[in-house]
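Derivation of every value follows stated rules applied to the coordinates shown; laboratory data play no part. Predicted model only: the values in this text are computed from it and were never measured. Reconstructed Cβ throughout: ideal geometry from the backbone, glycine too, with neighbour counts over all protein chains shown.
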Amino acid sequence: MDAQDREILNEFVSESREHLADIESDLLAMEEAGDDADDELINRVFRAIHTVKGASGFFGLQKIAKLSHTMENLLMKIRDRELSITSERIDALLNASDILKGMIDDVDNSESFEIDEAIAVLEAALSGKEPSAEAKKEGQAPPSESTESASSQEMEEQLPPEVIAAASKKGPASLYRFIMDDSAITTAFEKEKEGDTLMDVLSQTGEVIFSNPELSTIKRGESPYSPSVEVFYSTILEPDVLALTLGLDEKAIQPVIIPKQETKEPKKEPAIETKEASSPPEEEKEVEKKETDSGQKAAPEEKKPLSSPKKKPKTQTQQQETIRVNVRLLTRLMDLAGELVLGRNQLMQALKDRDRDLPILHTLSQRVTELQEHVMQTRMQPVGNVFNKFPRIVRDMSKKVNKKIKLIIEGNEVELDRSIIEVISDPLTHLIRNSVDHGIEPPEERIRAGKEAEGTIWLRAYQEGGQVNIEIQDDGKGIDPEKIRAKAIEKGLIKPEEAENMSNKELTNLIFLPGFSTAEKISDISGRGVGMDVVKTNFEKFGGVVEINSEKGKGTTVTVRLPLTLAIIPSIITKVGDHRFAVPQVNLEEIVRVKGENEKIRIERVKGYEVLRLRGHLLSLVRLADVLKIPRTFVHPETKEVLPDRRVNILDRRDSDPPSRNNKERRALKDRRTHPQILNILVLKLGGSRYGLIVDQVLDTEEIVVKPLSNYLKSIACFSGTTIMGDGKVAMILDVQGIARIANLKLADIEEISKAEEENLARKGMMEKQYVLLFSVNEHEAFALPMSMVARLEKIETIKIETVGEREFVQLRGSSLPLIRLEKYLSIKPPEKEHETLFVIVPRMSRHPMGIIATKVIDVLETSIELDTESMTDRGFLGTVIIAGRTMPMLDLFTLFEMVDPEQKEIIDSVSGEVHNARILIVEDTPFFMKLTRSYLESAGYEVLEAMDGVKALSILHSEPVDLVISDIEMPVMDGYELIQNIRKSEKFKDLPVMALTALSDEKSRAKGLRLGFDDYEIKIDKARVLTKVHELLTRKQRASAA
Amino acid sequence: MEQFATFYLNDTLFGIPILTIREIHPLIEMTPVPLAPDFIRGLVNLRGQVVTIIDLGIKLGVGRRDSQERTRLMIIKPNAELSDLALEKGIKTSDDPVGLLIDEIGDVVSAEENDIEPPPANMDINDLKYVRGVAKTRSDLLTLLNLNQLLGVEGGNENQNQI
């Protein structure tokens, strides 16, 4: 095939696409109208197929020709009312038109398409003649038999398709129809001396579009000529002149109106879309551009007096004059406009710097803005281009699932940027499918619910502010928030206590969480392994926002807000080292600044990831410098210098500070610490997930013009484009998703970890804040003690300490308090110097009051305690906790008092081990106390089970033998009061010894506890007493069961 | 007869068809692109168009040189801008606007097709596919480059799949 043939073939392909673009909606309209479908509609479909058939024959595209021929046959019978319009026939035609489109799109391989089945279906549809159709046909005259005096309107309906197809290409010439008889033909030959046939004669002044019989068969001098020849003739001559030329009566020449809107004005977008998808050899892409000024219409058809009001375009296509413009040209225009905006910005900046203000510049600036807006409009396309595929989808799907569904589309004409139109199709399809599959109920169910059997889906587009909203609404069963709640809890997406406080709307929006899908079973319609989270992500990728509203039983509305264009986007400019980057603001959730001092608290390391604990959630962190492999730097907060950052990771401070370092190094490190680095973290969202991107500096927000990446850089996933900054330099635009991928950030992974972590932390009591006393006994070390274990703090003068033998005492409030110096019992250093005043910490517990001497009380602060028992196993310590970025040993008062007062140990020993193999269930939400209680119960020889709340306790009780329960009162989910009521309710447990162990020391609580059924009510802290009581209760139980 | 724009990379004289040259530009500040292949030196803004600057020296194995007083950017017409004459001659460049970082600009040299000889096998060049041939000038041996090969995006498709 040479280049010229190829060109013609391409022409054929693009034309056929235009012809076929509307066929689907026309077929559906036919189906809806049934046998009332107007002839024009049927003809339109017929003509489209006919044109394709004709041209395909020319190229020897046999399969296309064969299929279109069969379709044509069926359509002909339908047009002639020999066959009625049934759903089956429309099915057959739709199916065939799909295949036809496929073949056109891949014209080179069209011969390898399988069409036999489609043809068989068509032929089956052809053969089934219904009697009703026959009857009808008899009742009315076939339209082709209309009389000569038919109005031009009727005329047009009978136009042979070839006429219209050919005439519509004829530009400003008008089309006439006339009948020439023998005398007229003779006159014509007389007036025009040249040419041997009538064809030649008529061709001098115009073009014969169609004739019957062929005019070339009518030769000069072979009179008598044919009795009457019907001619469709295209000419620029006015009818009167034409009449004169041909010797006809002017009245016999009928102007013919070509149905302009259907044949001449193809729908705009589909041609482009498919063209791009199938990438024909030539690069040229064309888009039909609307001429906004409709007042400029100089179309010849407007002059036609006969144009009847009935022929006004059929709603969906407006009569607008359009021209074809190369997409590349539009893109270039768009670029230029963008550059103009940049240039203007730079100019404004420059003049502002010089304090000059020129009024003319403001006018210019205004014009530039307008220009840019208008150029942008040239790229706008109606959403109808996407919407028009949905009637078919809804029709096919609803058949499949046996539902009756009506789709109402509004706002087809609303326009969006080409680039957006191209990407919204898939997620919208998903939403529509969802409505059909999950939204609308089966007819029976609808009737039962008092609704019409037929469900309705509305698909609307409308502009609001600078955005376009697309709504998908259905009147189906809506979303049941309770189901969502249950499902979300079941899937572990939210915690039950979280779910409790959520509004219905919040619950509904949970369906956007990754891993959520409400379909009970995966159907092949909407359950394609992608959930609503993907839909949301797809829209969000280009700045769309998705919202869902649903009322149970009434229906669901999903609203998608889309930006008008992607060419200019607001973004935030950041800097890493010398590099500037733009981050699209749609991806940005917030900017968090973490001061170096706080790093320890908020930035942690989980399974090798650096994470930021932000308002109780873990946010995985990525250093942009690392991802881009550029040297890490940080900006000195005072000097603003950019300095290299040598730390291996954010948490580096302690980890890379081995004790072996010499003092000089230590000091050097310390110096740096005195100028803590401020970390700038951009919290970026990515569908349902988020991550933090660490950058050196956050500069300005700027409206940037997006320019595509060159092919050399497309493989770098971190960037989505380039832009030119106000200072004229190029900057890269970051691809939020790509960075996550390059950083190997498995967001789902992190989320899982995060969830596990949070649960874990909840268990550890991280979430529960406690007051902690920090104090020191020497110049070097600090210790921590929960305030709940401290009765009071006293300040004393050192000289008031009395010494009796080895022991020290102080007189406080009239009694003598024995004092403990920690350094005597624990391996810590004594203070290096004498202090004039000391502090005495009086613990809450212990039979005999004692005071611990501290040289300094550092602080009492509210914090969460994460006790690390591994790091410090020395006797007298529970382990270490990290408070305000420092690791501190936590004192174990029980052990300490045993060390100080061996007598106490004896008491404990006396009650331990006597009742062997007893299982005790501790119900306690604070891990710290859980650990504490567990440790002394275990050391006393008991087996211990744990439950974090009343509900968990009950389930353990029902599954395992338990001899005694020790329960806290204040707990989440089910508190101690509720627990004891539940325990006592059960016949099985009514005699089970249950002890309350709580910090609620008031009489009222105590009375309430005992009244509700606790056997004993003890205050936390006093180990010896608790052990004694446990012993008592167990012994009592044993006796009771023995008796 | 074909005309070639010539330039030096490390004292070696190279030539490309003059029909591919859009303009010669003094060195301006480039925006380096992290993670980009090493022969990409950065991006510049030329009247609103983002131009990728390529260091042919690195591709050809001449090595990276520091920019000097005479360093220039030779801006190449992308395929879409090539004249019909260039297309007739089968000249192809790149789909993107690119600039070549060159050490020094040389004269315009004319050569007949007959004067162009295949590259000698011992040529000190990374890959002979980059070389169209050599031609003798009055004083020098001129290495004519195959721009289409040199500017091609290697493994482009493969990488695109990753995106």
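Cross-link check: pairs A:LYS505/A:LYS541; A:LYS685/B:LYS59; A:LYS491/A:LYS1037; A:LYS451/A:LYS505 evaluated at a Cα-Cα cut-off of 30 Å; pairs beyond the cut-off: A:LYS685/B:LYS59; A:LYS491/A:LYS1037.
Where only DSSP H runs of four or more residues are counted, chain B gives -3000 deg cm²/dmol as its mean residue ellipticity at 222 nm, each run worth -39500 (n - 2.57).
Between the amide H of A:ILE405 and those of A:GLY455, distances stay under 5 Å, these residues lying 5 or more places away or on another chain, with hydrogens modeled in the peptide plane. Pairs of alpha carbons in segment A:3-145 separated by more than 18 Å make up 54% of all such pairs. Taking 7 Å steps out from each Cα toward its Cβ at A:SER87 and B:ASN114 produces label points 8.1 nm apart.
Note on segment B:2-162: Rg/Rh from C-alpha atoms, Kirkwood Rh, equals 0.94.
Residues whose amide H comes within less than 5 Å of that of A:MET974, counting only those at least five positions distant or on another chain, are A:GLY950, A:VAL951 (H built at 1.01 Å from N in the peptide plane). Per-residue 3J(HN,Hα) values for segment A:943-957, derived from phi via the Karplus relation 6.51 cos²θ - 1.76 cosθ + 1.60 with θ = phi - 60°, read 8, 10, 10, 10, 9, 8, 7, x, 5, 5, 4, 4, 5, 5, 4 Hz in sequence order (x marks Gly and Pro).
Around the amide H of A:SER571, modelled in the peptide plane, lie the amide H atoms of A:GLN585, A:GLU702, A:GLU703, A:ILE704, all under 5 Å away and 5 or more residues distant in sequence or on another chain.
Karplus-derived 3J(HN,Hα) values for segment A:199-213, using 6.51 cos²θ - 1.76 cosθ + 1.60 with θ = phi - 60°, are 4, 4, 5, 5, 5, 5, 10, x, 9, 7, 8, 7, 8, 9, x Hz; glycine and proline are entered as x. Spin-label pair A:ILE591-B:ASP66: with each label point 7 Å from Cα along the Cα-Cβ axis, the two points sit 3.7 nm from one another.
Measuring between alpha carbons in the structure, the pairs from A:LYS800/A:LYS1020; A:LYS795/A:LYS1029; A:LYS77/A:LYS101; A:LYS483/A:LYS536 lying more than 30 angstrom apart are A:LYS800/A:LYS1020; A:LYS795/A:LYS1029.
Near B:LYS136: Cβ cut-off under 12 Å, other residues only, Lys/Arg at +1 and Asp/Glu at -1. The net charge is -3.
Across segment A:406-419, computed HN-Hα scalar couplings (Karplus, 6.51 cos²θ - 1.76 cosθ + 1.60, θ = phi - 60°) run 10, 10, 10, 9, 10, x, 3, 8, 4, 10, 9, 4, 2, 5 Hz from first to last residue, x flagging Gly and Pro.
For the residue pairs A:LYS53/A:LYS219; A:LYS487/A:LYS552; A:LYS707/B:LYS92; A:LYS575/B:LYS92, the alpha carbons lie more than 28 Å apart in A:LYS53/A:LYS219; A:LYS575/B:LYS92.
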